[in-house]
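K.L.:
Following this message is one structure expressed as structure tokens.
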Amino acid sequence: MKVSIIGGSIGGLLTGIAMQKTGHQVDIYERSATAMQGRGAGLVVQAELMNYMIHQGISSHQLFGVPAAQRQILNGQGYPAYSYDNDTSFTSWNYLWQQLKAYFPAANYHYNHQLVNLQQTGKIVNGTFADGSQIETDLLIGADGYNSVVRQHLFPDIAPLYAGYVAYRGLIPEDELTAEEIDFFANKFTLYPYSNSHLLAYLVPGNHGELGKGRRQLNWVWYLNKTQAQLKDLMIDKNGVERQYSVPATFLRDANIAELKTRAQIELPEILSARVQQTQNPFVQVIVDMAVPKMYQGRVVILGDAASLVRPHTASGTAKAYEDAAALAAVLTDHSTLASALQRWNTMQLHHAAELISYGRRLAKGSGLGQ
Ligand SMILES: Cc1cc2nc3c(=O)[nH]c(=O)nc-3n(C[C@H](O)[C@H](O)[C@H](O)COP(=O)(O)OP(=O)(O)OC[C@H]3O[C@@H](n4cnc5c(N)ncnc54)[C@H](O)[C@@H]3O)c2cc1C
């Protein structure tokens, strides 16, 4: 079958790889003009995705990410109140994307293709891109993220809804930390929970996937509640542009960075406040909720963040995209008709997403975050 995937991020590449492995002719269309850098920061990846990447030879145990054997929970003074075993590896959006991108055939990955319209007629789906070029395909898959054009085509009334809080994030090159500070954070997942908030920190690969000591980065994420009015102010970037769901690194207004740093001095223990102070370009992501009632119509499918968003505390956005992709490839192999395959896949994946969404909301509520 001829399969066209819209969006070449984590979800799109995982889907492309899974579909190609089951014998389909796959092309990925990504709106970015060049290789993507600096999207998001650190990522916790669930074991099933990590095992898949290692098993398929996309990555290896040694190269998957930065290992962390322990979780440490800090008290108000910044000392570990308790620790426990937490065998995991941390990666970063960049590094994971680079590994998936290197695995998928370059000739079938098309940059600079922004889908603007689509149309289904009989057994064919037509897609039109911003430059006027067109494709004709048997199955069109929207892996185009939370602002998905494909979802807007299927469900024009569904859009992400503000969950009541944001994630401030930052990355610090390891060589800007002292030996004691590296020792404090290395090989650990550090968490500081306090009233209606929490901050977490862990080491991730360097910008180009460097895993060696001295070349990694410390990643931190700090969740804070914001009223609608506070959010509106935060989303106006340094050029006066009102952003929707994130303000990327280097675009936060000086006043907002100053407010963040002052708040860190007041609310965080010194070991964490100092990290916020030394971060060159913090950025912010708005936490939103969204779910569709159905993940396909005819020969058009949506998956990953395009179909539903889970709260980041579940650390399962990438694993959900992987499950969507792997399950889709499997049902298409197992079922004799496309219609029955998609029906089955839809039931399974909607159920899976609903469980993650509700789990994420429970975690947020337990931390006093959002509505
Ligand atoms: C604060 C925060 C922390 C998170 N932490 C984690 C974590 O620790 N672990 C985890 O697993 N997940 C985490 N996530 C979620 C995770 O980042 C996503 O779920 C995951 O990356 C899946 O994304 P995706 O590929 O579906 O969509 P996206 O990454 O949004 O990709 C969509 C792609 O489509 C392209 N595109 C968009 N429109 C068009 C168009 N019209 N035409 C062509 N291309 C288009 C975009 O350029 C982009 O490349 C976190 C999210 C947030 C906000």
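The values are calculated or read from the model by the stated rules, or taken from the named source; none is laboratory data. Remember, predicted model here, so these are calculated numbers, not experimental data. Neighbour counts run over all protein chains shown; Cβ positions are idealised from the backbone, glycine included. Side chains included, ligands, DNA and RNA excluded: accessible areas come from the protein's heavy atoms. Shrake-Rupley method; radii C 1.70, N 1.55, O 1.52, S 1.80 Å.
K.L.:
Report, by residue number, each residue of segment 292-303 that is within 13 Å of the ligand (Cβ to nearest atom) and part of a strand (DSSP E or B).
P.N.:
Correct list: Val301, Ile302.
K.L.:
Of the residues that make up segment 204-223, is at least one within 23 Å of the chain's Cα centre (by Cα), farther than 22 Å from Gly65 by Cα and open to solvent by 40 Å² or more (accessible area, probe 1.4 Å)?
P.N.:
no
K.L.:
With (1) away from the ligand (no atom under 12 Å from the Cβ); (2) closer than 30 Å to Gln72 by Cβ; (3) not assigned by TED's automatic domain parsing to the domain that holds Leu177 as the list, and Trp345 as the residue in question, which single condition is left unmet?
P.N.:
(2)
K.L.:
Please report, ordered by residue number, the strands (runs of 3 or more DSSP E) entirely within segment 152-251 with at least 1 residues that are touching a residue at least 60 places away in the same chain (Cβ under 8 Å) and under 20 Å from Met36 (Cα atoms). It would help to see each step written out before you state the result.
P.N.:
Numbers: elements: 161-173, 188-194, 197-204, 217-225.
Ranges flagged: 161-173, 197-204, 217-225.
K.L.:
What are the residues in segment 294-309 that are among the basic types (Lys, Arg) and open to solvent by 50 Å² or more (accessible area, probe 1.4 Å), if any?
P.N.:
Scanning segment 294-309 gives a single hit, Lys294.
K.L.:
Inside segment 247-264, can you point out the residues that are polar (S, T, N, Q) and open to solvent by less than 40 Å² (accessible area, probe 1.4 Å)? Spell out how you get there, then give the answer.
P.N.:
First, the residues of segment 247-264 that are polar (S, T, N, Q): 250, 256, 262.
Selection gives Asn256 alone.
K.L.:
Quick one: count up the residues across segment 265-290 that are in a helix (DSSP H, G or I) and open to solvent by 10 Å² or more (accessible area, probe 1.4 Å).
P.N.:
Final tally of qualifying residues: 9.
Condition check ((1) surrounded by fewer than 22 Cβ atoms within 10 Å (Cβ to Cβ); (2) more than 11 Å from the ligand (Cβ to nearest atom); (3) over 30 Å from Asn126 (Cα atoms)) across all residues:
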site: Gly240; (1), (2), (3): yes, yes, yes
site: Arg311; (1), (2), (3): no, no, yes
site: Ala315; (1), (2), (3): yes, no, yes
site: His335; (1), (2), (3): yes, yes, no
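K.L.:
Separate question: Condition test on Ala18, is it within 15 Å of the ligand (Cβ to nearest atom), free of Cβ contacts under 8 Å to residues at least 60 places away in the same chain and not assigned by TED's automatic domain parsing to the domain that holds Leu211?
P.N.:
Here the answer is no, as Ala18 does not meet what is asked.
K.L.:
Continuing with this model, one more query. How many residues does segment 277-291 contain that are away from the ligand (no atom under 15 Å from the Cβ) and in contact with a strand residue (DSSP E or B) (Cβ under 7 Å, 6 or more places away or on another chain)?
P.N.:
Residues in segment 277-291 being away from the ligand (no atom under 15 Å from the Cβ) and in contact with a strand residue (DSSP E or B) (Cβ under 7 Å, 6 or more places away or on another chain): 2 in total.
K.L.:
Applying the selection to segment 89-105, what residues are open to solvent by less than 40 Å² (accessible area, probe 1.4 Å) and touching a helix residue (DSSP H, G or I) at 6+ places or on another chain (Cβ under 9 Å)? Give the derivation first.
P.N.:
First, pick out the residues of segment 89-105 that are open to solvent by less than 40 Å² (accessible area, probe 1.4 Å): 89-97, 99-101, 104.
Of everything in segment 89-105, those that are open to solvent by less than 40 Å² (accessible area, probe 1.4 Å) and touching a helix residue (DSSP H, G or I) at 6+ places or on another chain (Cβ under 9 Å) turn out to be Ser89, Thr91, Trp93, Leu96, Trp97, Gln99, Leu100, Lys101, Phe104.
K.L.:
Any idea which of Asn86, Asn147, Asn108 is out of contact with any helix residue (DSSP H, G or I) (no Cβ under 9 Å at 6 or more places or on another chain), open to solvent by less than 80 Å² (accessible area, probe 1.4 Å) and of a type in the set (S, T, N, Q)? Give the derivation first.
P.N.:
Details: Asn147 fails: out of contact with any helix residue (DSSP H, G or I) (no Cβ under 9 Å at 6 or more places or on another chain); Asn108 fails: out of contact with any helix residue (DSSP H, G or I) (no Cβ under 9 Å at 6 or more places or on another chain).
Sole residue among the options that is out of contact with any helix residue (DSSP H, G or I) (no Cβ under 9 Å at 6 or more places or on another chain), open to solvent by less than 80 Å² (accessible area, probe 1.4 Å) and of a type in the set (S, T, N, Q): Asn86.
K.L.:
Suppose we filter Ser59, Ser4, Ser32 for residues that are over 16 Å from the mean Cα position of the chain (by Cα), near the ligand (Cβ under 7 Å from one of its atoms) and not in a helix (DSSP H, G or I); which single one remains?
P.N.:
Ser32
K.L.:
Right, here's the next one. Select from segment 111-143 the residues that are closer than 22 Å to Lys21 by Cβ and within 20 Å of the chain's Cα centre (by Cα) and write down the one among them that is surrounded by the fewest Cβ atoms within 10 Å (Cβ to Cβ).
P.N.:
Here the residue is Gly142.
K.L.:
Still on this structure: Considering each of Val310, Val288 in turn, give the residue that is out of contact with any Gly (no Cβ under 7 Å at 6 or more places or on another chain) and either touching a residue at least 60 places away in the same chain (Cβ under 8 Å) or hydrophobic (A, V, I, L, M, F, W, C) (or both).
P.N.:
Every option except Val288 fails the conditions.
K.L.:
Taking segment 66-83, which residues are open to solvent by less than 30 Å² (accessible area, probe 1.4 Å) and either in the same structural domain as Leu356 (by TED's automatic domain parsing) or in a strand (DSSP E or B) (or both)?
P.N.:
Across segment 66-83, the qualifying residues are Val66, Ala68, Gln72, Ile73, Leu74.
K.L.:
What do you reckon, is Ala274 of a type in the set (A, V, I, L, M, F, W, C) and either within 16 Å of the ligand (Cβ to nearest atom) or within 25 Å of Met1 (Cα to Cα) (or both)?
P.N.:
In short, no.
K.L.:
Can you tell me which residue in segment 91-135 is farthest from Leu43 (Cα to Cα), limited to those that are in contact (Cβ under 8 Å) with a residue 60 or more places away in the chain and charged (D, E, K, R)?
P.N.:
That would be Lys123.
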